[in-house]
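Bear in mind that the values in this text are calculations on the coordinates, not laboratory data. This is a predicted model, so every value here is computed, not measured. Cβ sites come from the backbone with ideal geometry, for glycine too, and all protein chains shown count toward neighbours.
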């Protein structure tokens with residue numbers, strides 16, 4: 001082959017590749033006018049995907065003409081999905097709907113101007129009457145509401161192994177205090193049982209332990225004050241809880257830095273340690289994976305006021321400038337239906353956000369949680385990005401807990417958090 | 001004879017051919033030039049814009065800058081976590097390079113001198129390099145779990161109790177769970193350097209990094225070995241014979257002849273491994289995460305979390321530029337040094 005031929009061949013191959021890429025990208029653009037609905041989430045694990053399929057089913061039933069495209073991205077507890085989504089938003093390729101957390105993360109999307117306000121949907125369907133006001137507030141910015149919630153998990157639950165409690169001769173009621181927990185831990189240690197299960201390879205589990213201890217101690221109003229800056233993290237009240245947290249770290253399984261949250265739940269189920277502070281996604285893990293029976297194998301209690309519900313909700317938004325806005329509105333309406341909420345939450349282990357959903361077919365734990373969500377006091381979880389503060393405050397809290405595990409210094413922790421709250425308003 | 005070749009006609013012909021070659025070369029280079037300039041240099045410039053911006057968001061590309069211009073970098077320098085990350089990068093890079101290059105060299109000498117099964121052992125030591133960092137990260141996480149893996153081996157083999165007889169306490173290291181930092185020089189630096197008070201972390205060697213260094217070196221010493229094997233194969237047999245005749249045998253031959261001849265290979269290995277170390281992310285993310293008190297945190301993990309968890313894109317971009325500068329400091333002098341030699 002002469003040089004000329006080589007050059008021609010290269011140009012030809014290049015043009016062919018260009019043509020192929022144009023051809024492969026065109027069907028997406030052409031079909032957008034049809035009924036395609038792209039749902040962007042980070043629900044990819046077995047139970048999560050099964051629950052998500054219930055939302056798809058409800059949407060298809062109400063709108064048979066809609067074709068749903070499941071654009072779920074796995075990994076990093078949603079961080080990988082957010083990374084992909086950020087790239088798409090940057091390129092103006094906006095999905096019809098995507099998963100987010102009410103609070104700082106939602107506020108960040110609102111500030112970018114990529115969301116449609118959903119006020120009229122709420123007004124037409126009367127959702128303001130059925131969704132608890134605290135949850136409505138967490139999705140409202142500049143007087144407009146921007147998301148629908150499909151579920152709410154409860155973060156402030158202490159799970160315990162009943163067999164180990166029996167062996168140590170200890171019991172816990174529906175609520176507990178630090179003093180009681182410390183007594184139980186001492187008795188457990190006396191029997192050679194590791195009192196606390198922790199899997200903080202990812203720091204959020206330790207952050208959640210401290211968060212639920214603080215909420216339990218300072219109460220809902222104190223927690224709200226800590227989030228809005230009217231109560232100081234450097235106050236003696238918080239410092240005392242941090243001291244308790246340092247003590248509690250000494251009760252944990254020695255391999256806590258190598259375990260993740262599910263590993264810690266596994267240690268609880270197999271009797272390696274007695275208690276675990278974890279959101280009620282642990283309930284599904286205990287029941288489905290470890291075949292544990294609610295009330296027989298494991299029990300649960302709340303630190304502090306038992307009617308305080310620390311919320312971890314999953315919301316969906318409607319993207320502004322997507323290809324099929326009508327389908328996105330239909331999606332929001334369908335997943336808020338009582339049937340969809342009932343079916344979804346049964347598989348996800350969380351509580352429906354609508355207080356008019358009949359949950360009598362759920363197990364005892366979920367019935368109780370749904371009741372507290374409807375009637376109790378709701379406060380947002382900071383470590384799970386639900387609070388109405390900038391996302392950077394949640395990260396600052398994670399970082400402060402990471403340092404706390406090394407230096408056990410309540411003073412430094414308090415100063416760092418006060419600075420973060422002031423900067424994150 | 002040469003005069004006969006360079007007749008005016010031949011010269012003209014050559015010039016024509018060269019002239020024809022210029023547009024062809026340009027045509028062939030254009031696609032890669034275009035792709036590299038867009039996907040590397042334009043994006044670096046874009047990242048600089050984000051790093052200087054006060055509030056850039058993916059959905060709202062706002063490039064209005066901070067006041068002062070370096071505010072994001074200032075925030076970064078004063079961030080205790082990022083300080084710990086830089087400390088970890090330096091400590092990790094030094095130990096990882098030393099261990100993997102030295103171990104790789106000895107493995108190469110060993111394999112090179114094997115009389116049988118050379119291919120088998122070469123493959124055996126190179127195999128870890130073919131694995132994904134995430135896979136090895138998970139395996140090493142369980143090996144360094146204080147309850148299982150290596151500590152279990154120490155217990156059941158009796159090493160732990162033998163150590164207890166000697167020193168009074170059992171040999172059960174915390175590995176990645178250790179919060180201890182040894183050889184802290186930060187208070188010393190604070191006294192020497194003006195403005196040293198901004199240092200918020202203990203500038204020493206975090207013991208938790210030891211486990212990570214072991215894992216990373218295990219994975220990459222096979223690569224170093226392959227590089228040195230190539231180097232050893234390039235040394236002609238006459239050189240060995242000549243040095244034997246001159247009386248340099250055994251260790252002397254390696255110290256005086258082989259090691260100097262392997263220097264270019266060592267340099268290439270060091271540069272490649274340094275850029276791996278500076279960009280280390282996946283192995284640590286899977287193995288230990290940030291660690292207690294950021295003992296095993298890395299700039300890569302910081303960038304990832306700052307951007308996609310804290311949603312502070314400008315600070316994350318600034319941190320990624322710091323990483324870029326660190327890699328550039330290693331790679332550019334190497335390329336600049338190699339360039340003239342190759343053309344010569």
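Some values worked out for this structure:
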quantity: For segment B:85-343, convex hull of alpha carbons as volume per residue, Å³; calculated: 211
quantity: Residues B:241, A:105 arranged by fewest to most Cβ contacts within 10 Å; calculated: B:241, A:105
quantity: Globularity ratio of segment B:59-127, using Cα Rg and 2.2 N^0.38 Å; calculated: 2.10
quantity: Whole-number percent relative contact order across segment A:88-208, with pairs defined as alpha carbons under 8 Å at least 6 apart; calculated: 17
quantity: Kirkwood Rh and Cα Rg combined as Rg/Rh, the protein assembly as shown; calculated: 1.03
quantity: Chain B: relative contact order in percent, alpha carbon pairs under 8 Å with at least 6 residues between; calculated: 26
quantity: Distance from segment B:108-149 to segment A:347-398 (C-alpha centre basis), Å; calculated: 47
quantity: Burial ordering of B:129, B:41, fewest other beta-carbon atoms within 10 Å first; calculated: B:41, B:129
quantity: Directionally averaged projected area (convex hull, Cα atoms, chain A), nm²; calculated: 25.2
quantity: Relative contact order (percent, whole number), chain A, Cα cutoff 8 Å, 6+ residue spacing; calculated: 26
quantity: Residue order, fewest to most beta carbons within 10 Å, for B:142, A:159; calculated: B:142, A:159
quantity: Cα radius of gyration and Dmax for segment A:279-335 (Å); calculated: 18.6, 52
quantity: Cα centroid of segment A:153-169 to Cα centroid of segment A:266-344, whole Å; calculated: 19
quantity: Inter-centroid distance (Cα atoms) of segment A:53-105 relative to segment B:86-101, Å; calculated: 41
quantity: Mean ellipticity per residue at 222 nm, deg cm²/dmol - from DSSP H runs of n ≥ 4 across chain B, formula -39500 (n - 2.57); calculated: -22000 deg cm²/dmol
